[in-house]
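Trainee: Take this structure, written in structure tokens, and hold onto it; I'll ask about it next.
The values are calculated or read from the model by the stated rules, or taken from the named source; none is laboratory data. Remember, predicted model here, so these are calculated numbers, not experimental data. Note: ideal-geometry Cβ built from the backbone for every residue, glycine included; neighbour counts use all protein chains shown. For accessibility, only protein heavy atoms count, side chains too; no ligands or nucleic acids. Shrake-Rupley method; radii C 1.70, N 1.55, O 1.52, S 1.80 Å.
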Amino acid sequence: MQAMQAKQRLDYQPSDYTIDTLSLVFELDDHHTRVTARSSVRRQRPGADTLVLDGEALTLQSVAIDGKSLGQEQYRLAEGQLHIPADLDAFELELVTEIDPANNTTLEGLYQSGGAFCTQCEAEGFRRITYFLDRPDVLARYHTRIEADKARFPFLLSNGNKVAEGELEGGRHFAEWQDPFPKPSYLFALVAGDFDCLRDTFVTRSGREVALELFVDKGNLGRAEHAMASLKHSMAWDEQRFNLEYDLDIYMIVAVDFFNMGAMENKGLNIFNSKAVLADPTTATDDEYHRIESIIGHEYFHNWTGNRVTCRDWFQLSLKEGLTVFRDQEFSADMGSPVVNRILAVKTIRSHQFAEDAGPMAHPIRPDSVIEMNNFYTVTVYDKGAEVIRMMHTLLGEQRFQQGMALYFERHDGQAVTCDDFVAAMEDASGVDLGQFRLWYSQSGTPVVSVQEQYDPASQRYRLTLSQHTPATADQADKQPLHIPVKLQLLDGEGNNVPLVINGEPANNVLNLQQAEQSWEFEQVSEPVVASLFEDFSAPVKLEQSLSDAQLALLMTSADNDFVRWDAAQRLLAKQVVALVNGELEQLPLTVLDALRPVLLEPGLDPALVAEMLALPPEQALAQEVAGLDVEELHLARRAVMSQIGLALEDELQARYQQYANQAYRNDGKAIGERALKNRCLFLLALGGKADAQALCQRQFDAADNMTDTLAALNAVNQGRLPVAAQLMAQFEQRWQDSALVMDKWFSQLAMAPRSDVLDAIRAAMGHSAFDMANPNRVRALVGAFASGNRNAFHAIDGSGYRFLTDCLIELNGINPQCAARIMTPLMGWRELDETRQGLMKAQLQRLADLPDLSRDLYEKVSKSLG
Ligand code: B3K
Ligand code: ZN
């Protein structure tokens, strides 16, 4: 393994030159696309004499400065860079390069998806299109001309407004686009293809009409409505909540099948993974509808937080991503159930972000050192980043937070800035001191907050002591106390709120924990209380608070805060799993069942919340919570808890199931919540394993008029290992074999099935006509689902899971390194496992390390894992 160089955040220097305008001409051809790039270059650093441009996988044809061509001896091509002597203050540079989109399987730069050309430039993909100053602080005005065969590519799209189009010889045509907003190269986009187009309009609050165009593969118009509706909701919401209006006359979205992530916010021309666009009730689940709405929103919201104000350098990625995730989460909460959305976000943090902090890739939300930027589109930068924004929102309150946003745009519209600039705007607009708070940007790791309590009946005082401690991470040994907002309530024995009084005054329900240890003394507390802490998950920390089952049950039934009710249920269930693993328990105590029963029966509780309260924390999250649990024992104990709930609460689950069983499909919040609860009941009954559970599943599978119910039935029989599983899987495959996106669900069901021969089934599925190693959706659905969603099988003690994943990674390394690096994550976490598994995992990591052509993407993760 040959060492590769990392870039350091503190090494940032402004560019010697900048580029103010860029005119691009694309002569599209499958294997020989010619790109002519004319830049107006301006020297920024006096004395600079060489322009150094980034480039990768390009064939350079010619270089000219101010109309004069340069001979080959006048410039230098070295390791991904083009050096051009340029002792000039301003000049026109013309470069002609040739690229091969049809053979570009990395899905970065210009490539083909299905029959269409499309691009992905973030983070550093533009350098695969032409030599350029491919960094986010170089903002240019783009003019793009596209020429292509008219029959194959009737639509020619790029950023901004279309300013010309016409016919060319030989059956070709052209279109020209002008983007009035200066932008970094990562926001450039081009699409050429043949699509169906769903058109609509949106009138902004200042009365401008914006044309909305959604391009999908032919025949898919019927599956585009939800995405279009989501876009219009996003546009209206951003005006209402953030006072932000769209700025171009046209907004286009193109859905493509080959895409490395969910979607990309290119200015005026979003490119989406078709999975994040296409939905109808028979092919997409409620969860997918939700995800589509949130991704459409996310990319739209980037127009201000990302595009109008962008990042100075890639270390600042969370400036746009953390903030935009916060905004999309708020959007989803405002469109649907706030608590269900909060739960969703917290599950991501607990299962994935805490694991990232505990593993070899640990980094702060603003990383300090990067080898391959694509490896830093992480749950830490995105989701913990959003938690950090949310904490500022909690500390400032909505009104002052919005004043901070306004000041941020006033100061920085049209600029490329840093995370510090954002915090400074928040601080200056609100007057709230965020000095210590800034540590959240530079310190990695998961803080652990522990609780000590003292109650003195004589003085009626309750003293709460909180201590914080952040364990060392792979990247940082020393940690300092953070500024942690702790939102709380105190409950008396009946579950009533006790007013918060400190020093004779009503106290705020958000405490500022800023020291390693800190105490608060609440007065006029007439009986012992239960502290409801970190309401709404007010900070991304682990909480160590020992509560009895009875106290947890009190929080479950009586806390005002719905998030805390859910969280108490999670803690109660987690306790049982751990007790089972530790041999302290065989059967679920009656007290636990008695705590769950009222949740199931209380008519006033939102069914969507009940469904979440009856779901066990995933194995991955439990493993994070309690170190040293054996993989297999954890898996079995978790199953045992679910199965005992299924048996012990059978009547209640049946009744609740039947309450919603025969409702015709509707797509509204109420129906979605009811479906979720119905299907949770079905799942627990299936795990309970009584004979009639199988009949129930089969009936639902046969009668379902929507994919949510179909898939829930299929999942229940697979996870419950019911005999009918094989038959239903075969029926599903028969019905959907020609629909790739639906087959992804089948691949995932297969990969996550709790059966000992799962790897044989997966290997067979790789030969399925619907499978394609070059398509990231397929890879994630099958290989990714196995590695991250079938923990027990992946960590099989014979090492077969690790070997299988590594075989796939070796193949993917040569096809799509970005995709490979994404799915290798479960192989990195060997430190949390027993010695045997550690050895097996390291052996596979070493196989990767020994590859002669290991990509940068994998190199970074492999070397950190072994280091
Ligand atoms: N900004 C893109 C992600 C780009 C990932 C590059 N590897 C999508 C998003 O976060 O909105
Ligand atoms: Zn984003």
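Trainee: Taking the range 382-403 as the region of interest, how many residues are within 14 Å of ligand 2 (Cβ to nearest atom) and acidic (Asp, Glu)?
Mentor: Summing the residues that are within 14 Å of ligand 2 (Cβ to nearest atom) and acidic (Asp, Glu) in the range 382-403 gives 1.
Trainee: Of all residues in the range 765-793, count the ones that are among the aliphatic types (A, V, I, L, M) and closer than 27 Å to THR282 by Cβ. Break it down into steps so the answer makes sense when it comes.
Mentor: Filtering the range 765-793 down to residues among the aliphatic types (A, V, I, L, M) leaves 765-766, 770, 773-774, 779, 781-783, 785, 787, 793.
Now drop any that are not closer than 27 Å to THR282 by Cβ, which leaves 765-766, 770, 779, 781-783, 785.
The total comes to 8.
Trainee: Please pick out the residue among LEU533, LEU547 that is open to solvent by less than 50 Å² (accessible area, probe 1.4 Å) and under 31 Å from the mean Cα position of the chain (by Cα). Please lay out each step first, then the result.
Mentor: Numbers: LEU547 fails: under 31 Å from the mean Cα position of the chain (by Cα).
Only one candidate passes the filter, namely LEU533.
Trainee: Might you check whether a residue that is in a helix (DSSP H, G or I), more than 13 Å from ligand 2 (Cβ to nearest atom), at pLDDT 95 or above and open to solvent by 10 Å² or more (accessible area, probe 1.4 Å) occurs anywhere in the range 266-282? Full working, then the answer.
Mentor: Initially, the range 266-282 is screened for residues in a helix (DSSP H, G or I), giving 274-276.
Next, only the ones that are more than 13 Å from ligand 2 (Cβ to nearest atom) stay: 274-275.
If we keep only those that are at pLDDT 95 or above too, we end up with 274-275.
When the remaining residues are screened for being open to solvent by 10 Å² or more (accessible area, probe 1.4 Å), the result is 275.
Yes, the range 266-282 has at least one match.
Trainee: What do you reckon, is MET335 surrounded by fewer than 23 Cβ atoms within 10 Å (Cβ to Cβ), away from ligand 2 (no atom under 16 Å from the Cβ), at pLDDT 95 or above and among the hydrophobic types (A, V, I, L, M, F, W, C)? Step through it out loud before you land on a result.
Mentor: On the way: surrounded by fewer than 23 Cβ atoms within 10 Å (Cβ to Cβ): yes; away from ligand 2 (no atom under 16 Å from the Cβ): yes; at pLDDT 95 or above: yes; among the hydrophobic types (A, V, I, L, M, F, W, C): yes.
Yes; evaluated as a whole, the condition is true for this residue.
Trainee: Counting just the residues of the range 37-91 that are in a strand (DSSP E or B) and of a type in the set (Gly, Ala, Ser), which one comes out most open to solvent (accessible area, probe 1.4 Å)?
Mentor: For the range 37-91, the residue satisfying everything is SER69.
Trainee: Does THR119 satisfy the condition of being within 16 Å of ligand 1 (Cβ to nearest atom), crowded, with 16+ Cβ neighbours inside 10 Å and touching a residue at least 12 places away in the same chain (Cβ under 8 Å)? Let's see the steps before the verdict.
Mentor: Working: within 16 Å of ligand 1 (Cβ to nearest atom): yes; crowded, with 16+ Cβ neighbours inside 10 Å: yes; touching a residue at least 12 places away in the same chain (Cβ under 8 Å): yes.
When the stated conditions are applied, THR119 passes them.
So that you can scan it fast, the table gives a plain yes or no per residue for (1) within 23 Å of LEU488 (Cβ to Cβ); (2) open to solvent by less than 60 Å² (accessible area, probe 1.4 Å); (3) under 20 Å from the mean Cα position of the chain (by Cα):
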| position | (1), (2), (3) |
| --- | --- |
| ARG366 | no, yes, yes |
| THR394 | yes, yes, no |
| GLY397 | yes, yes, no |
| MET405 | no, yes, no |
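Trainee: Looking at the range 852-867, I want the residues that are farther than 15 Å from PRO826 by Cα and have a partner that is part of a loop (DSSP other than H, G, I, E, B) and open to solvent by less than 20 Å² (accessible area, probe 1.4 Å) with Cβ atoms under 8 Å, at least 6 apart or on another chain. Which pairs are those?
Mentor: GLY867/PRO360
Trainee: Name the single residue that is farthest from ligand 2 (Cβ to nearest atom) among those in the range 303-325 being hydroxyl-bearing (Ser, Thr, Tyr) and either assigned to a helix (DSSP H, G or I) or open to solvent by 10 Å² or more (accessible area, probe 1.4 Å) (or both).
Mentor: Initial filter on the range 303-325 (hydroxyl-bearing (Ser, Thr, Tyr)): 305, 310, 318, 324.
Next, from what is left, pick out any that are either assigned to a helix (DSSP H, G or I) or open to solvent by 10 Å² or more (accessible area, probe 1.4 Å) (or both): 318, 324.
Numbers: SER318: 10, THR324: 5 Å.
Checked the range 303-325; the qualifying residue farthest from ligand 2 (Cβ to nearest atom) is SER318.
Trainee: Looking at (1) hydroxyl-bearing (Ser, Thr, Tyr); (2) surrounded by fewer than 21 Cβ atoms within 10 Å (Cβ to Cβ); (3) within 13 Å of ligand 1 (Cβ to nearest atom), can you tell me which one TYR300 breaks?
Mentor: The number of the failed condition is (2).
Trainee: Then there's this: Could you check, for the range 632-651, whether at least one of its residues is not in a helix (DSSP H, G or I) and not hydrophobic (A, V, I, L, M, F, W, C)?
Mentor: Pass one, the range 632-651, residues not in a helix (DSSP H, G or I): 649.
Subset that is not hydrophobic (A, V, I, L, M, F, W, C): none.
The answer is no, given that none of the residues of the range 632-651 is not in a helix (DSSP H, G or I) and not hydrophobic (A, V, I, L, M, F, W, C).
Trainee: Do we find a residue being farther than 16 Å from PRO364 by Cα, open to solvent by 40 Å² or more (accessible area, probe 1.4 Å) and assigned to a loop (DSSP other than H, G, I, E, B) anywhere in the range 460-480?
Mentor: Looking through the range 460-480, at least one residue is farther than 16 Å from PRO364 by Cα, open to solvent by 40 Å² or more (accessible area, probe 1.4 Å) and assigned to a loop (DSSP other than H, G, I, E, B).
Trainee: Let me ask something additional. Among the residues of the range 337-348, is there at least one that is within 16 Å of ligand 1 (Cβ to nearest atom), in contact (Cβ under 8 Å) with a residue 12 or more places away in the chain and under 25 Å from GLU612 (Cα atoms)?
Mentor: Initially, the range 337-348 is screened for residues within 16 Å of ligand 1 (Cβ to nearest atom), giving 345, 348.
Checking which are in contact (Cβ under 8 Å) with a residue 12 or more places away in the chain leaves us with 345, 348.
Right, trim to under 25 Å from GLU612 (Cα atoms) and you get 345, 348.
Yes, because at least one residue in the range 337-348 is within 16 Å of ligand 1 (Cβ to nearest atom), in contact (Cβ under 8 Å) with a residue 12 or more places away in the chain and under 25 Å from GLU612 (Cα atoms).
Trainee: Restricting attention to the range 245-259, which residues are in contact (Cβ under 8 Å) with a residue 60 or more places away in the chain and either outside any loop (DSSP other than H, G, I, E, B) or open to solvent by 10 Å² or more (accessible area, probe 1.4 Å) (or both)? Step through it out loud before you land on a result.
Mentor: Taking the range 245-259 first, the residues in contact (Cβ under 8 Å) with a residue 60 or more places away in the chain are 247-250, 252, 254, 256-259.
Matches in the range 245-259: ASP247, ASP249, ILE250, MET252, VAL254, VAL256, ASP257, PHE258.
Trainee: Restricting to the range 794-805, name every residue that is assigned to a helix (DSSP H, G or I) and either within 19 Å of the chain's Cα centre (by Cα) or surrounded by fewer than 21 Cβ atoms within 10 Å (Cβ to Cβ) (or both).
Mentor: We begin by selecting, within the range 794-805, every residue assigned to a helix (DSSP H, G or I); these are 794, 800-805.
Correct list: SER800, ARG803.
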